[in-house]
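Please read the structure below before turning to the comments.
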Amino acid sequence: MIESPDRLIEPSDFPGRQGRLAFAYLAASPRRVERDQLADVLWGEHLPEAWQTALNAIVSKLRRILDRAGVDGASVLEASRGCYELRLPEGTWIDLREAVNSLDLAEGALAHGEPSRAWPAAAVASAILRRPFLPGEAGPWVEQTRRELSQLEVRTYDTLAGAWLQAGDAQAAIRAARRAVELAPFRESGYARLMKCQLAAGERAEAVRVYSELRDLLQESMGLSPAPEVERVYLEALG
């Protein structure tokens, strides 16, 4: 979707799934994209015989979409030396880039002990990252991007948990840490963080229960025991 001061371009306005996918790839890429690379994202192993003509047609349609959004499509979507580059006007807000920037800001603020700066930035990242990425689409790039965004979302909830803990709101920290565990159930550091939040809230029994949950999960799925980091928090919970 593209939103400008006087125009809203809906996903259905793009030239089919390949147009939506091409625009998403170009918008997400901070660099010039080779034609072959973009074609691989669009068609993968099923590259049409006249793929260059088909790709030119898709790019032409995207330029017309950009014209409708109030910018000069020919200059914004530039082609040269076998590459494409999407050069959106200064100040353009791209949600995925904003999520990464907000998370970086939040993690930096948390590291400096500034929870009042960390949690709003992490909340922005969380609001963006929990949206589904290109629902209904498939392919290596889409799947890889979804995995990367899922990892970023886990980091976001880790940061929220840390920020709320620094701010003295243990219950909010528990909710954020629990969400991180739900998103990455085999990530042991997430359990350790959740248990620390529960200890900060005085919930020792809950921390012991979370440890037992992890121990059973690891034993049943991989025959392993929790890492020393988790064991230390568990012993603290036992007093």
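The values are calculated or read from the model by the stated rules, or taken from the named source; none is laboratory data. All values reported here derive from a predicted model rather than from experimental measurement. All Cβ positions, even for glycine, are placed from backbone atoms using ideal geometry, and neighbour counts span all protein chains on display. Accessible surface areas use protein heavy atoms only, side chains included; no ligands, DNA or RNA. Shrake-Rupley method; radii C 1.70, N 1.55, O 1.52, S 1.80 Å.
Could you tell me whether any residue of the range 84-102 is more than 30 Å from Q37 (Cα to Cα), open to solvent by 30 Å² or more (accessible area, probe 1.4 Å) and not in a helix (DSSP H, G or I)?
Initial filter on the range 84-102 (more than 30 Å from Q37 (Cα to Cα)): none.
No, there is no match, as no residue in the range 84-102 is more than 30 Å from Q37 (Cα to Cα), open to solvent by 30 Å² or more (accessible area, probe 1.4 Å) and not in a helix (DSSP H, G or I).
Quick test for you: out of A22, A54, A27, pick the one residue that is in a helix (DSSP H, G or I), among the small types (G, A, S), surrounded by 18 or more Cβ atoms within 10 Å (Cβ to Cβ) and out of contact with any Lys or Arg (no Cβ under 7 Å at 6 or more places or on another chain).
Working: A54 fails: surrounded by 18 or more Cβ atoms within 10 Å (Cβ to Cβ); A27 fails: surrounded by 18 or more Cβ atoms within 10 Å (Cβ to Cβ).
A22 is the lone residue from the list that is in a helix (DSSP H, G or I), among the small types (G, A, S), surrounded by 18 or more Cβ atoms within 10 Å (Cβ to Cβ) and out of contact with any Lys or Arg (no Cβ under 7 Å at 6 or more places or on another chain).
Run down E85, E137 and say which single residue is within 14 Å of A28 (Cβ to Cβ) and in contact with a strand residue (DSSP E or B) (Cβ under 6 Å, 6 or more places away or on another chain). Before the answer, list the steps.
Numbers: E137 fails: in contact with a strand residue (DSSP E or B) (Cβ under 6 Å, 6 or more places away or on another chain).
That would be E85, the only listed residue that is within 14 Å of A28 (Cβ to Cβ) and in contact with a strand residue (DSSP E or B) (Cβ under 6 Å, 6 or more places away or on another chain).
Given the conditions (1) touching a Leu at 6+ places or on another chain (Cβ under 7 Å); (2) open to solvent by less than 50 Å² (accessible area, probe 1.4 Å), and given that T145 satisfies all but one, which numbered condition is not satisfied?
(1)
Exactly one condition in (1) free of Cβ contacts under 8 Å to residues at least 40 places away in the same chain; (2) part of a loop (DSSP other than H, G, I, E, B); (3) closer than 30 Å to R175 by Cα is false for I128; which is it?
(2)
Considering each of R68, R17, R7 in turn, give the residue that is basic (K, R) and within 21 Å of A138 (Cα to Cα).
R17
Restricting to helices (runs of 4 or more DSSP H) lying wholly in the range 155-239: which have 3 or more residues that are open to solvent by 70 Å² or more (accessible area, probe 1.4 Å)?
Numbers: elements: 170-183, 188-200, 204-222, 228-238.
Of the helices (runs of 4 or more DSSP H) lying wholly inside the range 155-239, those with at least 3 residues that are open to solvent by 70 Å² or more (accessible area, probe 1.4 Å) span 170-183, 204-222, 228-238.
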